[in-house]
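Coordinate-derived values only; no laboratory data. Worth saying up front: this structure is predicted, and the values here are computed from it rather than measured. Methodologically, a virtual Cβ is constructed for each residue, glycine included, from the backbone with ideal geometry; neighbour enumeration extends over all protein chains shown.
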Amino acid sequence: MARKLKGIAAARGVAIAPIVRFHPTLEHIPTWKVAEAAIDAERSRFTNAVAAVAASLMALQQEIAGSIGKHDARIYDAQLAILQDPSFRRDVEAEVRAHQVNLEVALQRVIARYEGVFAAMENAAMRDRAADLRDIGRQLVGALMAQARQKYTSNGADYLFAAEEFLPSDAGILDRAHIRGIVTAHGGKYSHGAILARSLGIPAVVGVDQVMLESTTGTMAIVDGDAGLVLLDPSPDELRDYERRAREQRAIDRRIAEVRFQPSVTPDGTQVQLLANVEGVRDLEALEIDAIAGIGLFRTEFAFMERRQFPTEDEQMAMYRRAMDGARGKPVTFRTLDVGGDKPLGYFKMPEERNPVLGWRGIRLCLDWPDILYSQVRAILRASALGHARILLPMVSSRAEVARCRDVLDQLTADLRATGVPYDPKIELGVMVEVPVLVPVLPEVLPLADFVSVGTNDLVQYLLAVDRDNQRVAKMYDPFHPGVLRVLREIAATAKAAGKPASICGEIAGDHWFTPFLVGLGYRELSMAPVFLPRVKLMLRSFTIVECEDLAARAMAMPSTAAVRKLVQDEIQPRWASQLGAEETRR
């Protein structure tokens, strides 16, 4: 079995090839003392280096614009702006004069100070801009040393680029005919390197801190840009599975154009709402909002995790308003702060817990610290004036918790009405079903809630008593377990009896092999990571509602998980292959 390294999904797709490790060519930076009489000469060197790098960047921008489009080619405008910034030049020249160091050293010191400023910023996208500074510094030092950068190639063979980070100027020295994927130890989802990888269509995973330690040049690897995984030394079965996924994706890409804006319906006309899960406004900006029914899960905790202190109500409201604007009238479901467990806040001291996944997290934390809940709900209410907002409560385990949250919502809406602050009077309050004990008490909870959203990631691991992140038992985590299917059916049936909509927002909503079962179990709203929407829409158009109900009924009656998976293999996979074109998916 492969060694699996977790990172940040930066560019979708699957890549399979040997790793080639690349290192900066500027490993030794010369240092010398600059006499007063030589300072003007250093200034001239700087002028020439800036001109050389600017010319190189403009040439790269022009060359690559045909591959990535004019909009993303503007990334290089940001670097050109740094070069042309008079304060940057003054700071570098002042460093030379004040400390009598050569330009190469002065550049390193100034850029390190600038990076510190960016690192202190609360916005993650702005912190990622520090990579542009490092890139400019590297290019300038290279120009000063008259050292040409090596071409990133693998002697004409396909390869995966592995490095500490992928910087914008690296795009100009890639062997784009043979590079299949990118994996880096550092970097963020919104760095310019990640944006370029997406624009170039190169699957990428960044922030894999162990990749340079765990791999060597020649290590066979899989880059899963959908899940943010890198698999080193994959087994033959894992290779076959990912090769099939890569073939499928090529076929899907051809079919997307045909169905992208068509309704998400079964062949006999049953409509299923497909929504997107997003981690922030930046994700929303990249969505084709016309192709989806709305935002089924806006994970507000990521905005909290990117900061160095709790955001104020006004700061939260501004973010939520941007989300409402981006949704263009379609519903946005804001999950209240869901930290704790595997999502700590660096500035909020939380107790050490032996089992944090079962500890102080989700709505439990917010009810113990009601100021957090009041501030967030009020901010969502104020933003809801721009459209249709929904509030979703995570980690609910009792009716009492929902009742307290309903009281908070009622109190805040009354305050807003009294003070003339606009909000959406039809705003909805929903409960997330993750804790198994909530399932049998749903009939008592639903009178206080407007909708149900099933968080299958936690629900499944609690039902199976399996920690998904524990390698000893992770193989036992399988949502195709017949018992899991029966619980999902009970949730859908209870919600339907109460006249309340039920959706799935966990990972299985984006697993197209699960789609016929979920529809057959009664779910008419599925929310998933945007990358999985095309697969699910295509699968949805492959089975009638009667066929879905039959498949679900038989799966629930199966004696084992293996039997359910065989049903998928025997009846769902062949239909999928015919939908995509059997020849392509077999190859």
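Remarks
- Among His23, His192, His481, the ranking by other beta carbons within 10 Å of each residue's beta carbon, starting with the fewest, stands as His23, His481, His192.
- The mean sequence distance of close C-alpha pairs (under 8 Å, at least 6 residues apart), as a share of the length of region 270-433, puts its relative contact order at 22 percent.
- Size of region 181-273 as Cα extents on the principal axes (Å, biggest first): 53, 35, 21
- For the pair Asp314 and Ala400 in one chain, pulling the backbone fully straight at 0.36 nm per residue adds 28.0 nm over the alpha carbon distance.
- Pair Ala246, Arg3: separation of 7 Å Cα→Cβ label points (nm): 2.1
- Alpha-carbon centroid distance for the pair region 4-24 / region 495-528, whole angstrom: 32
- Across the cross-link table entries Lys426/Lys496; Lys496/Lys566; Lys6/Lys566; Lys4/Lys189; Lys475/Lys566; Lys330/Lys426, which are compared at the Cα atoms, the separations over 23 Å belong to Lys496/Lys566; Lys6/Lys566.
- With the simple spin-label model, which puts each label point 7 Å out from Cα in the Cβ direction, the Ala35 to Thr270 separation comes to 8.7 nm.
- Eligible aspartates and glutamates near Lys33 by straight Cα distance, threshold 17 Å, same-chain separation 8 or greater: Glu42, Glu93, Glu95, Glu104
- Residue order, fewest to most beta carbons within 10 Å, for Trp513, Trp576: Trp513, Trp576
- Principal-axis tilt of helix 86-99 within the chain, Cα atoms, nearest 10 degrees: 60
- By the count of other C-beta atoms within 10 Å, a proxy for reagent exposure, Lys6, Lys426 are ordered fewest to most as Lys426, Lys6.
- C-alpha long axis of helix 236-259 to longest principal axis of the chain, angle in °: 80
- Measuring r between the beta carbons of Ala120 and Arg541 and using R0 = 45 Å, the FRET efficiency lands at 0.35.
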